[in-house]
Amino acid sequence: MKCSEFLNELTNYLDGMLDESTKVELENHLSWCHNCYVVCDTTKKTIEIYRDSQLYELPDDLRTRLRSAIMKKCQQHKKHGPQSV
Ligand SMILES: [Zn+2]
């Protein structure tokens, strides 16, 4: 499984929507690919925060920062140079 395939299935995985064999493939990928492991972990935490936010209403600013944090994880090869925010 390639990283792009992993990322495609990630939200399904976190939602528990995958069949057993796909799930095993994803978990295999996680065991050797640290980058995807970090993305998975971050996404999982963010989803939890998003779910909580339905109760607590996060400010838009925080949502935006969470989203950009994930995007950064997904694009680690772009990490050189200061980003203009
Ligand atoms: Zn990967």
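The values are calculated or read from the model by the stated rules, or taken from the named source; none is laboratory data. Computed from a prediction, not measured in an experiment: that's the story for all the values here. Please note: Cβ atoms are built from the backbone with ideal geometry, for glycine as well, and neighbour counts cover all protein chains shown. Protein only, heavy atoms only, side chains kept; ligands, DNA and RNA dropped before computing areas. Shrake-Rupley method; radii C 1.70, N 1.55, O 1.52, S 1.80 Å.
Which of the residues belonging to segment 1-48 are open to solvent by less than 90 Å² (accessible area, probe 1.4 Å), outside any helix (DSSP H, G or I) and without any contact (Cβ under 8 Å) to a residue 12 or more places away in the chain?
Gly16, Leu18, Asp19, listed by residue number.
Return the total of residues in segment 23-54 being more than 15 Å from the ligand (Cβ to nearest atom), farther than 21 Å from Ala69 by Cβ and not basic (Lys, Arg).
Going through segment 23-54 one residue at a time, the tally reaches 1.
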